[in-house]
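Undergrad: Before I ask anything, here is the structure I am working with.
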Amino acid sequence: MEQILFFFVALVAITSAVYFVFARNPLYSILSLIVTMFSIAGLYILLNAQFLGIVQIIVYAGAIMVLFLYILMMLNLNKADESKKQNLMKFAGVFSAGLLLIAILGAFRGFKVEAAAANVDSSVGLTKNLGRLLFNEYVLPFELASILIFAGIVGAVLIGKKDL
């Protein structure tokens, strides 16, 4: 049952991510990205990483997607303002997507699936272990990330402010 639920949530994530790429309306694109973020959080929870799942919902599906929607409403994009894409850019996009496909196929070439369900450690992904690692071994990158987020917030306020 858990495996069926995992594949269903993965299918929802992949479908909404593909719709995000191919949607013509930016609002629908951002809404499908929110669905993708929620389904990725569901995958984290199914993989026994509860903390990452909750953080995924709070940070990405909540805060960042609301910021994207706010910016979209603030910019007021119209179809008339969009410039036509040149054929060179379309070719570059198809070429880079093909290179990515080749890289993914090369990565899965030596991939072997082994049934290791008997050796599952239930303590993996819990908040206690994550907190111990985060605040002991990785405290400097954690603090640097908070400074980077603060700089992004200040930048967003400066861009959003009309007159300085």
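Undergrad: Please tell me if residue 28 is under 25 Å from residue 90 (Cα atoms), modelled with pLDDT under 90 and either outside any helix (DSSP H, G or I) or open to solvent by 60 Å² or more (accessible area, probe 1.4 Å) (or both).
TA: yes
Undergrad: Kindly check whether there is at least one residue in segment 77-90 that is out of contact with any helix residue (DSSP H, G or I) (no Cβ under 8 Å at 6 or more places or on another chain), surrounded by 10 or more Cβ atoms within 10 Å (Cβ to Cβ) and either at pLDDT 80 or above or of a type in the set (Phe, Trp, Tyr) (or both).
TA: Looking for residues that are out of contact with any helix residue (DSSP H, G or I) (no Cβ under 8 Å at 6 or more places or on another chain), surrounded by 10 or more Cβ atoms within 10 Å (Cβ to Cβ) and either at pLDDT 80 or above or of a type in the set (Phe, Trp, Tyr) (or both), one finds none in segment 77-90, hence no.
Undergrad: Also: Pull out all pairs, ordered by first then second residue, where Cβ-Cβ is under 6 Å, the residues are six or more apart or on different chains, the first lies in segment 1-30 and is small (Gly, Ala, Ser), and the second is surrounded by 12 or more Cβ atoms within 10 Å (Cβ to Cβ) and not in a helix (DSSP H, G or I).
TA: These pairs meet every condition: 29/23.
Undergrad: Shifting gears a bit: Take the residues of segment 1-19 that are loosely packed, with under 14 Cβ neighbours inside 10 Å and within 14 Å of the chain's Cα centre (by Cα): which is farthest from residue 53 (Cα to Cα)? Break it down into steps so the answer makes sense when it comes.
TA: Here is the first cut: in segment 1-19, the residues loosely packed, with under 14 Cβ neighbours inside 10 Å are 1-5, 7-8, 11, 14, 18.
From the residues that got through so far, the ones that are within 14 Å of the chain's Cα centre (by Cα) too are 14, 18.
Working: 14: 17, 18: 21 Å.
Of everything passing the filter in segment 1-19, 18 is farthest from residue 53 (Cα to Cα).
Each row is one residue, and each column tells you yes or no for (1) assigned to a loop (DSSP other than H, G, I, E, B); (2) modelled with pLDDT of 80 or more; (3) β-branched (Val, Ile, Thr).
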site	(1), (2), (3)
62	no, no, no
74	no, no, no
93	no, no, no
96	no, yes, no
102	no, yes, yes
111	yes, no, no
132	no, yes, no
135	no, yes, no
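The values are calculated or read from the model by the stated rules, or taken from the named source; none is laboratory data. Treat the numbers as computed from the prediction; the structure is a model and nothing was measured. Neighbour counts are summed over all protein chains in view; Cβ atoms, including those assigned to glycine, are modelled from backbone coordinates with ideal geometry. Areas reflect the complete protein model, heavy atoms only, side chains present, ligands, DNA and RNA absent. Shrake-Rupley method; radii C 1.70, N 1.55, O 1.52, S 1.80 Å.
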